[in-house]
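Heads up: the structure comes next, in structure tokens.
What follows draws every value from the coordinates through simple rules; no lab data is involved. Everything quoted here is computed from the prediction, not taken from an experiment. Cβ sites come from the backbone with ideal geometry, for glycine too, and all protein chains shown count toward neighbours.
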Amino acid sequence: MKHQQIRDKLIFFREQSLPENETRIIQEHLVHCKECSLFLDRLNEDFATIQSEKLVSADPFYYTRLKAKMEQHEQLGVTSRSWAQVVVFSVLLIFAISGGIMLGKNFSTLDYQNETVTSELLLFDGVKQEPIEQFLLTEE
Amino acid sequence: MDEEQLIQAIQTGDERAFKELVEKYQLLVVNTCKSFVHNMHDAEDISQDVFIEVFNSAHKFRGESKLSTWIYRITVNKSLNFIRDHKKQSLFQSIGNTLFGTSQSLDVRLNSYADRPDFQAENNERKANLYQAIDALPERQRIAFNLNKFEDLSYREIADVMQLSVSSVESLMHRAKLNLQKSLYACYKNEN
């Protein structure tokens with residue numbers, strides 16, 4: 001195996017998960033390859049760090065803090081629920097108002113065509129329709 | 001109380017049973033959270049959210065898996081959500097800084113461990129490099145790796161938590177180790 005191939009297997013070598021023949025080849029390589037040997041030490045130290053990071057004893061006040069957070073959550077839940085109610089009612093009110101306006105516009109009995117007729121009626125020019133001469137003649 | 005009795009008692013709102021569950025699983029949950037966020041303060045915060053979720057969703061536990069498997073699942077999801085939220089927060093913050101020219105930084109904990117005071121105080125750049133290498137792993141590889149290396153779970157147990165086959169977990173672990181070794185080797189080369 002080449003140097004790079006061996007280096008790529010060092011993480012598996014340290015876990016003893018390689019076949020026997022590969023393990024032997026790597027062991028032989030490590031004897032004379034300083035770089036691989038140092039990198040293996042480095043890997044071992046890094047993995048030891050992971051183990052040292054673990055908590056091994058429980059915090060006796062953990063449950064007290066947890067209960068305090070749960071109570072805080074419950075209070076926040078009530079507050080957010082009341083806010084949600086306000087928001088929902090406001091949205092419903094806006095919908096109701098805009099719905100009313102729409103209904104009013106679409107289903108109003110006041111027809112635009114009728115409005116035109118009305119305006120025509122208002123503009124009725126009696127003099128044009130019945131000239132004054134005609135009126136006087138009729139009076140006689 | 002065994003697991004079944006414990007969860008049944010919690011379902012009825014029994015606080016003593018809940019306290020017993022918290023005491024039993026506290027280290028498991030906090031250590032798992034810590035393996036994802038690498039910070040004790042955040043890990044405790046997330047772990048508390050995990051227990052609140054366990055208490056509120058106890059009725060959803062059907063007993064199809066082990067209680068610990070269910071708790072691990074909630075813990076992993078909560079930790080990943082926390083990381084995603086903070087990434088978004090950091091992104092918005094950096095956009096804000098670029099637009100408004102502010103140099104304030106509220107939370108950079110997930111961007112650079114080397115800049116964090118606790119890591120500076122410990123003068124432990126190597127630990128920072130290790131965490132950065134773990135965090136750079138694709139999500140599923142990171143979950144499998146963390147559960148195996150920080151929690152000492154077997155591939156079978158990881159498969160149960162992640163709802164995958166054992167061979168998929170083996171494959172994830174193999175790729176995770178290769179990727180991690182590559183990142184650590186790059187750090188090692190930079191240092192020398």
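Among B:Thr75, A:Thr49, A:Thr64, the order by Cβ neighbours within 10 angstrom, fewest to most, reads A:Thr64, A:Thr49, B:Thr75.
Taken along its three principal axes, the alpha carbon spread of region A:3-52 comes to 32, 23, 15 Å, from the longest extent down to the shortest. Counting Cβ atoms of other protein chains within 10 Å of each residue's Cβ and taking the mean over peptide A:33-41 gives 1.
If R0 is 41 Å, the Cβ-Cβ spacing of B:Lys60 and B:Leu178 corresponds to a FRET efficiency of close to 0.65. Subtracting the Cα-Cα distance of A:Glu53 and A:Asn21 from 0.36 nm times their residue separation leaves 8.1 nm of extension gain. Note on B:Asp135 and B:Arg84: the extension gain reaches 17.2 nm, defined as 0.36 nm multiplied by sequence separation minus the Cα-Cα distance. Straight-line reach from B:Lys24: taking Cα to Cα under 17 Å and skipping same-chain neighbours fewer than 8 places apart, the lysines in range are A:Lys54, A:Lys67, B:Lys66.
Other protein chain C-beta atoms within 10 Å of residue C-beta, averaged over B:35-44: 1. Dividing the radius of gyration of the alpha carbons in region B:1-102 by their Kirkwood radius gives 1.13 for Rg/Rh.
The orientation-averaged shadow of the Cα convex hull for chain B, equal to a quarter of the hull surface, comes to 13.1 nm². Here the 3J(HN,Hα) profile of region A:62-76, calculated from phi with Karplus coefficients 6.51, -1.76 and 1.60 at θ = phi - 60°, is 4, 5, 4, 5, 4, 4, 4, 5, 5, 5, 4, 4, 4, 5, 4 Hz, Gly and Pro shown as x.
Taking trypsin sites (Lys or Arg not before Pro) across region B:1-71, the ones in a DSSP loop with at most 11 further Cβ atoms lying within 10 angstrom of their Cβ are B:Arg62.
Panel order for B:Thr98, B:Thr32, by other beta carbons found within 10 Å of each beta carbon, from fewest to most: B:Thr98, B:Thr32. Here region B:20-61 is scanned for amide nitrogen atoms under 17 Å from the site 7 Å beyond the Cα of A:Ala68 along Cα-to-Cβ, giving B:41-49, B:52.
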